[in-house]
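The values are calculated or read from the model by the stated rules, or taken from the named source; none is laboratory data. All of these numbers come straight from a predicted model, not from anything done at the bench. Positions of Cβ are generated from backbone atoms using ideal geometry, with glycine treated the same way; all protein chains shown enter the neighbour counts. Heavy atoms of the whole protein, side chains included, go into the accessibility calculation; ligands, DNA and RNA do not. Shrake-Rupley method; radii C 1.70, N 1.55, O 1.52, S 1.80 Å.
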Amino acid sequence: MAVLGVLMAPGLALAQDAPEMLLQSNANILWTLIAGVLVMFMQAGFACVECGFTRAKNAGNILMKNYLDFGAGAIAFFLLGFGIMFGTDVSGVFGSSGFALGGANGATPDGQWTLTFWFFQSVFAATSATIVSGAVAERTKFGSYIVISIITTALIYPVSGHWCWGSLWLGDAGAGWLEGFGFIDFAGSTVVHSVGGWVGLAGALVLGPRIGKYASDGTARAIPGHNIPLASLGVFILWFGWFGFNPGSTTTADGTIGYIAVNTSLAAAAGMLGAMITVWLKHGKPDPSMTMNGVLAGLVAITAGCYELSPVGSIVIGAVAGMVCVFSVEFIDKVLKIDDPVGAVSVHGVCGALGTLGAGLLAAPGYGDAVGLFYGGSIDVFFVQALGVAVVFVWAFGVGFIAFSVVKAVMGLRASKEDEIKGLDLSEHGTEGYNGFQIFTVE
């Protein structure tokens, strides 16, 4: 017995000194926080993409708008947006509690989760707002853009967000009216991306095209971006951050985050190939900027169904989105004659809608909770998806158009012709993005 006691003593000591196992609730907080940080880093990706796809004389202005979207957007979402989106439901239309995180106690487990959840959702709100900045780039007055950004984060995004995700905080199942119908948008193809794209479309319409974008006969002229390597870095940052965007939307540390990450990456890869091959066949060259937008198109499209689709379905939806993005960019630019400098409307608006519809068709048995039409599911699933795409378009585009029009009438929206030609860095901010550099075209 004495010998046995001596042999067991080290084991008993180690057992007493061992740390407690990580509780599931704490694991959820840790995972959601890490994912939120990844999504926050996507703001840098958007800044690089938008900056690289526009001209050097507006680089500083682009960066300022991306900072503004996150800075002012976080405050607006804290004070108003979060409560409208996730607060106590009012008739399935909007929330009515949680403003300024009232009642959250950081000393309690529930309060700690609320604060973590707010942080995760705040970076989503900033993502939706920053999509708008690309569509209205190079000709918008900075002060007027501030107002639009705040309206987007505090009102436009949260209201339609409540329709689709209203129960995520308080757990009132089906709180939002679209959510009650079974609308599928796991991480926000429509809730986040299409909303930003449709508001951006409204802004581009109200603003009109950049000087020199269209010839007197209406022919579209290319205005190349000044820094394709910077844009490429931004796309890779966004691809990386999307592993927080989609898997993080579980807000739960469980096994589903693995296959959601697989679906996310496969869709991005297929989107890249789909866009590259399409533009290569169409124009004879594999254009880098269109290929990069194909990556983003695939990521946006899979965001709705990343929890519901199989890996094969993810490749399909990504490839289709990449191809559609090419045709959409050219249709908006050359046929509708709407000047979208970075292709934000096509990537986020059109491909967000495409991915949302695709979830109703390709949701696979054994993944998620729904079964799509192509796997023998009810056509009602697809109809609900189509309804969600339509009503969110009407809301985001409609209210966005009103907001831009009111700001235009009250404050003025567009920079003067002289300021636009000079560049918004100097006219709006009194500085240059590349001071001392000579920027010229390679001939």
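Please specify each residue of segment 285-306 satisfying the condition of being surrounded by fewer than 24 Cβ atoms within 10 Å (Cβ to Cβ) and assigned to a loop (DSSP other than H, G, I, E, B). Those that are surrounded by fewer than 24 Cβ atoms within 10 Å (Cβ to Cβ) and assigned to a loop (DSSP other than H, G, I, E, B): LYS285, PRO286, ASP287. Which numbered condition trips up GLY171, out of (1) in contact with a helix residue (DSSP H, G or I) (Cβ under 9 Å, 6 or more places away or on another chain); (2) surrounded by fewer than 24 Cβ atoms within 10 Å (Cβ to Cβ)? The one condition GLY171 does not meet is (1). Residue count for segment 164-193 under the criterion of being under 14 Å from SER128 (Cβ atoms), in a helix (DSSP H, G or I) and touching a Phe, Trp or Tyr at 6+ places or on another chain (Cβ under 7 Å): the result is 3.
Scanning segment 405-418 finds one or more residues that are among the acidic types (Asp, Glu) and within 26 Å of ALA47 (Cα to Cα).
ALA396 fulfils the conditions (1) farther than 15 Å from ASN61 by Cβ; (2) among the aliphatic types (A, V, I, L, M); (3) over 27 Å from the mean Cα position of the chain (by Cα) except for a single criterion, (3).
When the residues of segment 202-228 are filtered to those that are farther than 20 Å from GLY298 by Cα and part of a helix (DSSP H, G or I), the one that is most open to solvent (accessible area, probe 1.4 Å) is LEU205. Scan segment 289-303 and report the pairs whose first residue is under 13 Å from VAL49 (Cβ atoms) and whose second residue is aromatic (Phe, Trp, Tyr), with Cβ atoms within less than 7 Å and a gap of 6+ or a chain change. Between residues of segment 289-303 that are under 13 Å from VAL49 (Cβ atoms) and residues that are aromatic (Phe, Trp, Tyr), the close pairs are SER289/PHE53; VAL295/TRP239; LEU299/TRP239; LEU299/TRP242.
Say whether the condition of being in contact with a strand residue (DSSP E or B) (Cβ under 9 Å, 6 or more places away or on another chain), at pLDDT 95 or above and surrounded by 23 or more Cβ atoms within 10 Å (Cβ to Cβ) is met by at least one residue in segment 122-135. Looking for residues that are in contact with a strand residue (DSSP E or B) (Cβ under 9 Å, 6 or more places away or on another chain), at pLDDT 95 or above and surrounded by 23 or more Cβ atoms within 10 Å (Cβ to Cβ), one finds at least one in segment 122-135, hence yes. Checking ALA396, ALA359, ALA353, ALA364 one by one, the residue that is in contact with a Ser or Thr (Cβ under 9 Å, 6 or more places away or on another chain), farther than 26 Å from LEU155 by Cα and either buried (at least 24 other Cβ atoms within 10 Å of the Cβ) or basic (Lys, Arg) (or both) is ALA359 and no other. For segment 327-340, state whether one or more residues are open to solvent by less than 10 Å² (accessible area, probe 1.4 Å), modelled with pLDDT of 95 or more and in a helix (DSSP H, G or I). Within segment 327-340 (the criterion being open to solvent by less than 10 Å² (accessible area, probe 1.4 Å), modelled with pLDDT of 95 or more and in a helix (DSSP H, G or I)), the answer is no, since none of the residues qualifies. Taken together, the criteria place GLY200 among residues that are under 20 Å from GLY398 (Cβ atoms), of a type outside the set (Ser, Thr, Tyr) and at pLDDT 95 or above. Of all residues in segment 416-425, at least one satisfies being crowded, with 21+ Cβ neighbours inside 10 Å and in a loop (DSSP other than H, G, I, E, B).
Here GLU420 passes the criteria (1) under 20 Å from ILE62 (Cβ atoms); (2) touching a His at 6+ places or on another chain (Cβ under 9 Å) except the one numbered (2).
So that you can scan it fast, the table gives a plain yes or no per residue for (1) modelled with pLDDT of 95 or more; (2) buried (at least 22 other Cβ atoms within 10 Å of the Cβ); (3) aliphatic (A, V, I, L, M):
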position	(1), (2), (3)
GLY376	yes, no, no
ALA409	yes, no, yes
GLY412	yes, no, no
PHE437	no, no, no
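Could we say that GLY343 is closer than 26 Å to GLY180 by Cα, touching a residue at least 40 places away in the same chain (Cβ under 8 Å) and in contact with a helix residue (DSSP H, G or I) (Cβ under 8 Å, 6 or more places away or on another chain) here? In short, no. Condition (residue is closer than 19 Å to ASN58 by Cβ, among the aliphatic types (A, V, I, L, M), open to solvent by 30 Å² or more (accessible area, probe 1.4 Å) and more than 14 Å from the chain's Cα centre (by Cα)) applied to segment 148-168: is it met by at least one residue? Scanning segment 148-168, I find no residue that is closer than 19 Å to ASN58 by Cβ, among the aliphatic types (A, V, I, L, M), open to solvent by 30 Å² or more (accessible area, probe 1.4 Å) and more than 14 Å from the chain's Cα centre (by Cα), so the answer is no.
Out of the residues in segment 229-260 that are touching a residue at least 60 places away in the same chain (Cβ under 8 Å) and over 23 Å from GLY298 (Cβ atoms), which is surrounded by the fewest Cβ atoms within 10 Å (Cβ to Cβ)? Within segment 229-260, the match that is surrounded by the fewest Cβ atoms within 10 Å (Cβ to Cβ) is THR252. The number of residues in segment 71-91 being open to solvent by 30 Å² or more (accessible area, probe 1.4 Å), aliphatic (A, V, I, L, M) and out of contact with any Leu (no Cβ under 8 Å at 6 or more places or on another chain) comes to 3.
Mind counting the residues in segment 136-147 that are in a loop (DSSP other than H, G, I, E, B) and open to solvent by 10 Å² or more (accessible area, probe 1.4 Å)? Of the residues in that region, 1 qualify. VAL39 satisfies every condition listed in (1) open to solvent by 20 Å² or more (accessible area, probe 1.4 Å); (2) of a type in the set (A, V, I, L, M); (3) within 25 Å of the chain's Cα centre (by Cα); (4) closer than 25 Å to ILE156 by Cβ except (1).
With respect to TYR259, determine if the residue is closer than 24 Å to PHE382 by Cβ, outside any helix (DSSP H, G or I) and modelled with pLDDT of 95 or more. Criteria not met by TYR259. The set of residues in segment 92-103 that are open to solvent by 60 Å² or more (accessible area, probe 1.4 Å) and at pLDDT below 95 contains only GLY103.
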